[in-house]
Amino acid sequence: MCIKSCRAKLQLYIEVKSEKDYNFMGHDLVLNIENLEVSFEVKDIPYFVLRSVNLELYTKQKIAIVGESGSGKTTLANSILLFNDKKITTYFGNINFYPIKKCDELTHQVIPIIFTEEIEKEDRTEFDIHTLDEKFMSHVRGFHISMIFQDPFTALNPVLRVGEQVGEVIKIHNQKLNKKEIYDKVIELFTLVHLPEPEVMYKKYPHQLSGGQIQRVCVATAIANRPEILIADEPTTALDASLKESILSLLSEMTEKFDTSLILITHDISIIKNYVDYIYILYAGEVLESGPTKQIFYNPLHPYTQFLFSCYVDKTKKGQKLPSLPYEIPDLSDQDFIFEKCIFLNRCQKKIKRCEEEKPEVYSVKGQKVKCFLYEK
């Protein structure tokens, strides 16, 4: 399938670019997403839900992907693990995973989860898109890359004890362990995630647990095999305010304990300040701004990022009406708009005429990256 925005030549082995203004560049790269585009074909109409997404993740790094509902956050997470519906999904670009853990089944220095090969022909350029086969991918999932899903209440099987469910995840990737060893590992995990009475908790069913306890079981399941990458998709959505901080603290604690890199997905920019190192702002399938957390918080550049912070609820805004954006997210099947104009055009209060005529590039501004003509040098 030919995708309109295919321009850059993509390669399997990617040269890591160094930037002196961000200290995680000295760590090992574990995930590199380059020019990722994802389209869903619905009733023969392609919807380009992700476009030109570039993302880097390093060892021990904690990043956040922030955006409103419908921005493509979960689709991006699902793309990393190839969870999107194969019948309707088309990929383009590269997702390369660099494993750190060694095992008998995996000796590769780089695993191309999605790999786009450029083929030169006499009169045209074609692209051959490859995805990792399901057998190999099933090894990556849970052992190298784990995910905490958005709704903890549907993530667990209601008719199985929670301890058995965590034990099954351990068993799949550790066939040599016996039942006693698996049981001991589950109890150890329940202790690590601060579940009370781990032996009692092992025997309980999901409906017997509180929302916070279920989320802790999901965290235990995700870290069971000490993955290099942990993806947490809106892990605090179904929890009340008093539990949000405790779950985020737990995720931070677990990733630091096992040297795991974290991808935190959220629509609530106010909760991540103290828990991540780097932020990507996603809107309608495009990364509009990215940068170190402190810089994004104290100096948001893109008009959309600035709007997100204007909706940040705190005591100083008590009694004030929070702002809202006009119009809706653009039609992602309208290729002339999404590939040729600024994606934030219809809702931006700082737009200029050029925004209607061409798409802005990504500009670097003192360690931040922003896709907006206002920062063109």
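Restricting to helices (runs of 4 or more DSSP H) lying wholly in the stretch 237-343: which have 1 or more residues that are touching a Pro at 6+ places or on another chain (Cβ under 7 Å) and closer than 18 Å to residue 51 by Cα?
Those helices (runs of 4 or more DSSP H) span 335-338.
Which of the numbered conditions does residue 248 fail, given that it passes all the others? Conditions: (1) buried (at least 16 other Cβ atoms within 10 Å of the Cβ); (2) modelled with pLDDT of 95 or more; (3) hydrophobic (A, V, I, L, M, F, W, C).
The failed condition is (2).
Could you give every pair whose Cβ atoms fall below 8 Å, whose first residue belongs to the stretch 265-287 and is among the hydroxyl-bearing types (Ser, Thr, Tyr) and surrounded by fewer than 20 Cβ atoms within 10 Å (Cβ to Cβ), and whose second residue is modelled with pLDDT under 95 and part of a loop (DSSP other than H, G, I, E, B), counting only separations of at least 6 or pairs across chains?
Within 8 Å, the pairs are 270/312; 270/313; 270/314.
Has the stretch 47-68 got any residue that is out of contact with any helix residue (DSSP H, G or I) (no Cβ under 8 Å at 6 or more places or on another chain), exposed (fewer than 15 other Cβ atoms within 10 Å of the Cβ) and either of a type in the set (A, V, I, L, M) or outside any strand (DSSP E or B) (or both)?
no
Please verify whether residue 89 is over 22 Å from residue 360 (Cβ atoms), surrounded by fewer than 19 Cβ atoms within 10 Å (Cβ to Cβ), within 19 Å of the chain's Cα centre (by Cα) and modelled with pLDDT of 95 or more, treating the condition exactly as stated.
Taking the combined requirement at face value, the residue satisfies it.
The values are calculated or read from the model by the stated rules, or taken from the named source; none is laboratory data. All values reported here derive from a predicted model rather than from experimental measurement. Counting neighbours? That spans all protein chains shown, and the Cβs are built from the backbone with ideal geometry, glycine included.
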